[in-house]
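A.B. asks: Starting off with a structure, shown below.
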Amino acid sequence: MSSEWDLKICCMGAGYVGGPTMAVIAAKCPKIRVCVVDLSQKQIDAWNSPNLPIYEPGLPAVVEECRGRNLFFSTDIDAEIKEADIIFISVNTPTKTMGIGAGRAANVKNCELCARKIAEVSESGKIVVEKSTVPVRTAQAVRRVLDCNDKGLKFQVLSNPEFLAEGTAITDLFNPDRVLIGGVQSPEGLAAAEKLASVYAN
């Protein structure tokens, strides 16, 4: 991967949030390399085909414009994590089926698994953005996992909730009425939030 990019973004999760959000970031930021990764080869194959795995008005045109230029879809999760400056966690958060909160509380296990993978394969510090439809404290759970890495790497964890509505996701992403970014109020945390804000400012 060349250094022609201002920034490299990896998004873990090629679903309803990750796919459209990353496609619009790629469209608005041609100098940023964006790669969406997923464990599902079938899902990635669909994103790389004319028949996208989700239907959203306006999405095919955006993907077609950017795919292969600065928008990529891959199952090579480890390589993309290593390369990335910013990693979005955008995975499913199913409702808990057992234990406290069964039937209503979100199971944040998938987010924690992503954090473990990031800690395991990263060779440098990253900005990690929790972007799933998850409870407020998920970013803290992600931060705990990342802080336990045994390589002395420093990760900045940001929370960036999404407000996408089916049918208007692309319009909303191109013209958001608000973007919320939360993080630790330290110099490093504020610098990370500023970097993410600069992506959305394009």
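A.B. asks: Which condition number does SER74 fail, the rest of (1) open to solvent by 30 Å² or more (accessible area, probe 1.4 Å); (2) under 14 Å from the mean Cα position of the chain (by Cα) being met?
C.D. replies: It fails just one condition, (1).
A.B. asks: For segment 180-202, what are the residues that are assigned to a loop (DSSP other than H, G, I, E, B), loosely packed, with under 15 Cβ neighbours inside 10 Å and not polar (S, T, N, Q)?
C.D. replies: LEU180, ALA201 - these are the residues of segment 180-202 that are assigned to a loop (DSSP other than H, G, I, E, B), loosely packed, with under 15 Cβ neighbours inside 10 Å and not polar (S, T, N, Q).
A.B. asks: Of all residues in segment 26-38, which are within 18 Å of GLY58 (Cβ to Cβ) and either buried (at least 22 other Cβ atoms within 10 Å of the Cβ) or in contact with a Phe, Trp or Tyr (Cβ under 6 Å, 6 or more places away or on another chain) (or both)?
C.D. replies: Of everything in segment 26-38, those that are within 18 Å of GLY58 (Cβ to Cβ) and either buried (at least 22 other Cβ atoms within 10 Å of the Cβ) or in contact with a Phe, Trp or Tyr (Cβ under 6 Å, 6 or more places away or on another chain) (or both) turn out to be ALA26, VAL34, VAL36.
A.B. asks: For segment 128-141, does any single residue satisfy the condition of being open to solvent by less than 50 Å² (accessible area, probe 1.4 Å), charged (D, E, K, R) and at pLDDT below 90?
C.D. replies: yes
A.B. asks: Check segment 116-124 and report whether any residue there is part of a loop (DSSP other than H, G, I, E, B) and surrounded by 13 or more Cβ atoms within 10 Å (Cβ to Cβ).
C.D. replies: yes
A.B. asks: Further, regarding this structure: Kindly indicate whether LEU173 is touching a helix residue (DSSP H, G or I) at 6+ places or on another chain (Cβ under 6 Å), in a helix (DSSP H, G or I) and either open to solvent by less than 50 Å² (accessible area, probe 1.4 Å) or over 19 Å from CYS111 (Cα atoms) (or both).
C.D. replies: Yes.
The values are calculated or read from the model by the stated rules, or taken from the named source; none is laboratory data. Bear in mind the structure is a predicted one, so any value in this text is a computation, not a measurement. Cβ: placed from backbone, ideal geometry, glycine included. Neighbour counts: every protein chain shown. The protein model used for the area step is the full one, side chains on, heavy atoms only, and it has no ligands, DNA or RNA in it. Shrake-Rupley method; radii C 1.70, N 1.55, O 1.52, S 1.80 Å.
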